[in-house]
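Engineer: First the structure, which I've put down as structure tokens, then a few questions once you've had a look.
The values are calculated or read from the model by the stated rules, or taken from the named source; none is laboratory data. Quick caveat, the model's predicted, so the values are computed rather than measured. FYI the Cβ positions are ideal-geometry reconstructions off the backbone, even for glycines, and counts take in every protein chain you see.
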Amino acid sequence: MNILQANMHRCKAADALLSQMVMENAYELIIISERYKKKESGTWLEDSSSTAVIWLPPGSNAITVDKGNGNGFVWAKCDLFTVISCYLTPSDSIQEFQEKLDNIEDTARSIESQLIIAGDLNSKAVEWGMPHTDSRGKRILEIAARLSLIVLNTGNATTCRRPGCEETTPDITLSSERLAGSIKKWKVLEDYTGSDHQYISFTINTGTNTNQRRKKTAIRKWNISKLNRSKLISAIDEQNPSSSSPKNARKI
């Protein structure tokens, strides 16, 4: 199963490019932070604040047998594992941050399944490539230890690249130790995303034939290498003349 992890930064262009990326690369489960708007196709699950999402696009072979959500996280239990998608905002106090982590930990314990916990956790730790570990990172590592999770982030590639700012890696992927043996090809992609966050991609060997994919719908495709941002936005507006940006959308 091909899985994509993305942060949309509530950006319209990033939302359009995500759909294209998913279709062209046959991703079956997408973990999203800071979504722009709800996708109308496939299975869409989000947290109570609409910032953490799990999206199963049309034709996905992922079968959801249970689901739930809370403030800052949403989870979906598949046959062999459970995904918890998280977004922990940097504006939270350390107490609010800890309360959300406690709720995530309590939920993870109640599910009784192999786990993937992933998303933009807005924290720093040496374990995922940062030069030092901050208070939030330490708390995440403590929970990971209690839940027997390991950090999948490898290499030196950063995930957040904002012009004029230090590059960081707030986007993290954790998994149960036993499940980690079935996870392959974890990497930060260099594709243009339309956001200030890079995609993360990895695969899970579920023992099923993920090549039996959906028939690709004939829709307009973008050549990302020749992307013109203004033309992209104009084209989206032409196809969706009645749509308007959400109130919480912001420029990047």
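Engineer: When you scan the range 66-87, how many residues do you find that are farther than 23 Å from residue 206 by Cβ and buried (at least 24 other Cβ atoms within 10 Å of the Cβ)?
Structural biologist: Count: 2.
Engineer: Kindly provide the set of residues from the range 20-43 that are hydroxyl-bearing (Ser, Thr, Tyr) and under 19 Å from residue 230 (Cβ atoms), ordered by number.
Structural biologist: 36
Engineer: Can you tell me which residue within the range 138-167, out of those that are touching a Lys or Arg at 6+ places or on another chain (Cβ under 9 Å) and under 21 Å from residue 9 (Cβ atoms), is surrounded by the most Cβ atoms within 10 Å (Cβ to Cβ)?
Structural biologist: Among them, the one singled out is 157.
Engineer: Same structure again: Using the structure shown, decide if residue 172 is among the β-branched types (Val, Ile, Thr), surrounded by 16 or more Cβ atoms within 10 Å (Cβ to Cβ) and in contact with a Gly (Cβ under 9 Å, 6 or more places away or on another chain).
Structural biologist: Working: among the β-branched types (Val, Ile, Thr): yes; surrounded by 16 or more Cβ atoms within 10 Å (Cβ to Cβ): yes; in contact with a Gly (Cβ under 9 Å, 6 or more places away or on another chain): yes.
The answer is yes for residue 172.
Engineer: Which one of 137, 119, 155 is without any contact (Cβ under 8 Å) to a residue 60 or more places away in the chain and on the phi > 0 side of the Ramachandran plot?
Structural biologist: When all the criteria are applied, what remains is 155.
Engineer: Which one of the conditions (1) at pLDDT 50 or above; (2) over 21 Å from residue 119 (Cβ atoms) does residue 173 fail to meet, given that it meets all the rest?
Structural biologist: Failed condition: (2).
Engineer: Right, something else. Just need a number here: residues in the range 27-41 that are crowded, with 17+ Cβ neighbours inside 10 Å and either closer than 12 Å to residue 84 by Cα or touching a strand residue (DSSP E or B) at 6+ places or on another chain (Cβ under 7 Å) (or both). Steps first, please.
Structural biologist: Taking the range 27-41 first, the residues crowded, with 17+ Cβ neighbours inside 10 Å are 27-36, 39.
Then keep just the ones that are either closer than 12 Å to residue 84 by Cα or touching a strand residue (DSSP E or B) at 6+ places or on another chain (Cβ under 7 Å) (or both); that gives 27-35, 39.
Result for the range 27-41: 10.
Engineer: Quick one: how many residues across the range 102-143 are of a type outside the set (Ser, Thr, Tyr) and within 12 Å of residue 170 (Cβ to Cβ)?
Structural biologist: Result for the range 102-143: 14.
Engineer: Which residues, counting only those in the range 168-200, are under 19 Å from residue 12 (Cβ atoms), in contact with a helix residue (DSSP H, G or I) (Cβ under 7 Å, 6 or more places away or on another chain) and not aromatic (Phe, Trp, Tyr)?
Structural biologist: The answer is 191, 193, 194, 195.
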